[in-house]
1. In the range B:111-137, which residues become less accessible by 40 Å² or more once every protein chain is in place, relative to the chain on its own, using a 1.4 Å probe?
2. First compute the accessible area of the range B:53-105 with a 1.4 Å probe, then give the percent of it belonging to carbon and sulfur atoms.
3. Compute the accessible area per residue over the range A:22-79, keeping the other protein chains in place, probe 1.4 Å, unit Å².
4. Using a 1.4 angstrom probe on the protein heavy atoms only, line up B:D181, B:D121 by accessible area, largest first.
5. Just to be sure I understand the interface: list residues from the range B:189-212 that lose 50 Å² or more of accessible area between the chain on its own and the complete protein assembly, 1.4 Å probe.
6. Can you tell me the orientation of helix A:76-87 relative to chain A, as the angle in degrees between its alpha-carbon axis and the longest Cα principal axis, to the nearest 10?
7. Between A:V66, A:V48, A:V25, find the one with the highest GNM mean-square fluctuation for chain A; connect C-alpha pairs within less than 10 Å.
8. Once B and A are treated as a pair rather than alone, how much accessible area drops out, both sides summed, in Å² to 100, probe 1.4 Å?
Amino acid sequence: MCLGIPGQLAELVPGTEGQLAVVDVAGVRRRVNIGLLEDEVLEVGDWVLIHVGFAMSKIDEAEAEVALASLHLLGQAYDEEVEALRASALGEEAAS
Amino acid sequence: MRFVDEYRDPAAARIVLEQIRRLVGDEHHTFMEVCGGHTHTIYRHGIEHVLPEAVELVHGPGCPVCVIPMGRVDDAIAVAEQPGVMFTSFGDMMRVPGGNGNLLEAKARGADVRFVYSPLDALRLAVEHPDREVVFFAVGFETTAPSTALTLLKARADGVTNFSVFSNHVTIVPPIKAILDSPDLRLDGFLGPGHVSTVVGNRPYRFVPEQYGKPVVTTGFEPLDILQGVQMLLAQRREGRCEVENQYSRIVRDEGNPRALAALAEVFELRPHFEWRGLGFIAQSALKLNSDFAAWDAELRFDVPGVRVADPKACQCGEVLKGVIKPWECKVFGTACTPQTPIGTCMVSSEGACAAYYNFGRLHREVSVSVGAGRPS
């Protein structure tokens, strides 16, 4: 839960008033809520740090890489978090 | 891996360590790392063993799973076992023991307990199961509380009425103050928490230098971040400064995330007091849903026993959480209490000091003791 996972913005989901984006996380595309970053300028290719399905901060590529490397060191805890993110229900229905 | 090397570069670490050695002087320095993520990095990379002996790091209360008292877990189980309830929780909380077992055991007894990645998943379960009462077990500091707030705002906007939140959200500043007021402990400064500060910013820590005369350096999670944080604390002491500094400025802004703070203010209010494991009751240290969201407040919608349960006698999580003892000084550490069969919360979460030490620190310590190496002279 405390792990922030870096993801790269792949597309903004239209019709959600800037609340949802598709983010590439560890090679898998997931929807995440970006409502907390409304004050930021977000573009495709930008990196964000994701906590429990919400992008909490915009980060740069260097920070994303460093954070990912640290997360990989966690081993099982990281695998479980990414698996949980993949299995998460933040899919089509959540967008409506 | 172009960038990782910058944060793991042994040459850079040696330079910072040399600066640290020059700054230490004849004094002993005791710094608390507030965040469980710091504790993890410190043990994982053996940082205790490269720092001069005069610099002592003690672990703070910044692991949200670790600070939940047993009575609240029992309350969660009581709600989960009510008819018609589908109880949802982050995975970290499933194995945290209460006085009456843990949520996994409640599930084995027949309660519908489900693990979710996000509060939004819990909300979606409510939409998919209109005949059930879906309750979300909300835990965490200001890092996760805004997510719960946004989920509640969405529940209200979408008119989802069979969803509620059992809030155990806590705030970071009151426990720091409680620790500063504690007679057990003499601290010389704080490595301030990283991720939670992306939300609250650096301003809330100003009372630490202003009222208690201790420096705070908000610090990141890489080994070099921790070393730089220590170096900055030492430099403040050596130069006679005492202020809040930001080592983690690549992520943390002084003003935090105003959008997240606004969401918190819209949904939550401070509880008059809340019990913390090991720290006792701390005034205005936790968040409950405000009256606008009463319809989504599980504590109002369900019968919550609210019984206070004392920690097991053998368990010394309280002392570990206050930094009074080190994990390995607890009587049951690594014997009766292991990550597989945790007695106390600090052994459950991977960010808990005991689990982090059990997994990594023990090795470093045994190695460095046995070969007499590690700590530079």
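The values are calculated or read from the model by the stated rules, or taken from the named source; none is laboratory data. Owing to the predicted nature of the structure, the values given are computational and were not obtained by experimental measurement. Don't worry about glycine lacking a Cβ; one is built from the backbone with ideal geometry, like all the others, and counts go over all protein chains shown. Remember, those area values only see protein heavy atoms, side chains included, never the ligands or the DNA or RNA. Shrake-Rupley method; radii C 1.70, N 1.55, O 1.52, S 1.80 Å.
1. By number: B:Y117, B:L120, B:D121, B:R124.
2. Looking at the range B:53-105 in its full context, I get 48 percent from C and S.
3. 37
4. Working: B:D181 85, B:D121 10 Å².
Reading off the accessible areas and sorting them downward yields B:D181, B:D121.
5. Residues passing the criterion (a loss of at least 50 Å², heavy atoms only) are B:H195.
6. The two axes meet at around 20 degrees.
7. Sorting by GNM fluctuation, first place goes to A:V66.
8. Answer for the B-A pair: about 3700 Å² buried.
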